[in-house]
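Enquirer: Sharing a structure here in structure tokens format.
Values quoted throughout were computed directly from the atomic coordinates according to the rules given, and no laboratory measurement underlies them. Treat the numbers as computed from the prediction; the structure is a model and nothing was measured. Counting neighbours? That spans all protein chains shown, and the Cβs are built from the backbone with ideal geometry, glycine included.
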Amino acid sequence: MFFDKAGEHNTEATLKLALKKAEEKGIKNIVVASCEGDTAFKLLSLAENRFNIVCVTHHTGFREPGVNEMSEETRQKLIAQGVKVLTTTHLLAGVDRAIRNQFGGVYPAEIIAQTLRIFGQGIKVAVEIAVMALDAGLIPFGQEIISIGGTSSGADAAIVIQPAHSNHFFATEVKEIICMPRNKKQV
Ligand SMILES: Cc1cc2nc3c(=O)[nH]c(=O)nc-3n(C[C@H](O)[C@H](O)[C@H](O)COP(=O)(O)O)c2cc1C
């Protein structure tokens, strides 16, 4: 499925397409990006406890030092409903972003990120969070999973991916693109 424009208005369609693909392929593990929790809750309500859902948030301090965009109450609600919530350093930013912020320029992790953004923000995020979830031990190694990302908020891209650990990042294989926006700019 190719959406016309990027953005959170594609969230429900993206989640439904991702779940349909998971059922068709017998995939049990789904990784979703959700900063404040809205997208994770929407996925949860459609998925009805049939999947291992990993919700990856922004790292604490992404917008404001010491603060996470997901409230503690939301985090606990997701955990109580069986969602694994992962908050950690972003794979494709990390200390490379600190070098850019301090000295300027662009460094390998962010070059990889920018290259993946040729497919849109959501695809870049879906690849990134799949590897982060694997490194955290929250999804099994060597299996195809579904990963869902979006453009700033919500979801507009989903893929079937077999992630590799970050120390072998380039062994990651995107098996299928379930959906993505044709026009990448956020509307
Ligand atoms: C680790 C991580 C990295 C992200 N990187 C980007 C990015 O590079 N570009 C972008 O548009 N959105 C990015 N996002 C946002 C997600 O794609 C998604 O739209 C958002 O997490 C949904 O949050 P919500 O449920 O609060 O709306 C990122 C999210 C996470 C968790």
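Enquirer: Efficiency by 1/(1 + (r/R0)^6): what FRET value for LYS25 and ASN183, r their Cβ-Cβ distance, R0 = 25 Å, to the nearest 0.05? It would help to have the intermediate numbers written out before the result.
Expert: Values: r = 28 Å, r/R0 = 1.12.
With R0 = 25 Å, the Cβ-Cβ based efficiency is 0.35.
Enquirer: When the helices in the chain are scored as -39500 (n - 2.57) per DSSP H run of 4 or longer and the sum is shared across all residues, what 222 nm value do you end up with, to the nearest 500 deg cm²/dmol? Before the final figure, lay out each step's value.
Expert: Working: 6 runs with 68 residues, N = 187.
Mean residue ellipticity, 222 nm, calculated: -11000 deg cm²/dmol.
Enquirer: May I pose another question? When a/c reaches 1.5 or more, the comparison of a/b and b/c decides; with that in mind, is the range 46-94 rounded, prolate or oblate per its Cα gyration tensor?
Expert: Taking the square roots of the gyration eigenvalues as a ≥ b ≥ c, the range 46-94 is oblate.
Enquirer: Just how large is the dipole of the chain about the Cα centre, in debye to the nearest 20, putting +1 at every Lys and Arg Cβ and -1 at every Asp and Glu Cβ? Intermediate results must be reported in sequence, preceding the final value.
Expert: Numbers: 20 positive and 20 negative charges, 61 e Å.
Dipole magnitude for the chain comes out near 300 debye.
Enquirer: A further question follows. Modelling each spin label as a point 7 Å along the Cα-to-Cβ direction, I'd like the ALA171/ILE79 distance in nm, to one decimal.
Expert: About 3.2 nm separates the two model spin labels.
Enquirer: If you don't mind, another one. State, in angstrom, two size descriptors of the chain derived from its alpha carbons: Rg to one decimal place and Dmax to the nearest whole number.
Expert: 15.4, 48
Enquirer: Taking Cα centroids, how far is the range 135-187 from the range 82-104 in Å?
Expert: Cα centroid to Cα centroid, the span is 17 Å.
Enquirer: Once R0 is set to 45 Å, what does the formula 1/(1 + (r/R0)^6) return for the Cβ-Cβ distance between MET1 and PHE103, expressed as a FRET efficiency to the nearest 0.05? Let's see the in-between values first.
Expert: Details: r = 41 Å, r/R0 = 0.92.
Taking R0 as 45 Å, the efficiency between MET1 and PHE103 is 0.60.
Enquirer: Follow-up question, since we're still on this one. Give the separation of the Cα centroids, the range 113-127 to the range 1-71, in Å.
Expert: Measuring centre to centre over Cα atoms gives 16 Å.
Enquirer: Calculate, in nm to one decimal, what THR88 and HIS59 gain on full extension: separation in residues at 0.36 nm each, minus their alpha carbon distance.
Expert: 9.9 nm
Enquirer: Just list whichever of LYS25/LYS185; LYS77/LYS175; LYS20/LYS185 have alpha carbons separated by over 28 Å in the model shown.
Expert: LYS25/LYS185; LYS77/LYS175
Enquirer: Oh, and also: Testing the spin-label approximation: label points 7 Å from Cα along Cα→Cβ at LEU46 and GLU12. State their distance in nm.
Expert: Label at LEU46, label at GLU12, 1.0 nm between them.
Enquirer: For ALA109, what charge total do you get from the other residues with a beta carbon under 11 Å from its beta carbon, if Lys and Arg give +1 and Asp and Glu give -1?
Expert: -1
Enquirer: Dipole of the range 64-187 (Lys/Arg Cβ +1, Asp/Glu Cβ -1, origin at the Cα centre): which of HIS165, ILE177, GLN143 lies farthest to the positive side?
Expert: It is ILE177.
Enquirer: Excluding PHE51 itself, calculate the net charge of residues whose Cβ lies under 14 Å from the Cβ of PHE51, where each Lys or Arg counts +1 and each Asp or Glu counts -1.
Expert: The answer is +4.
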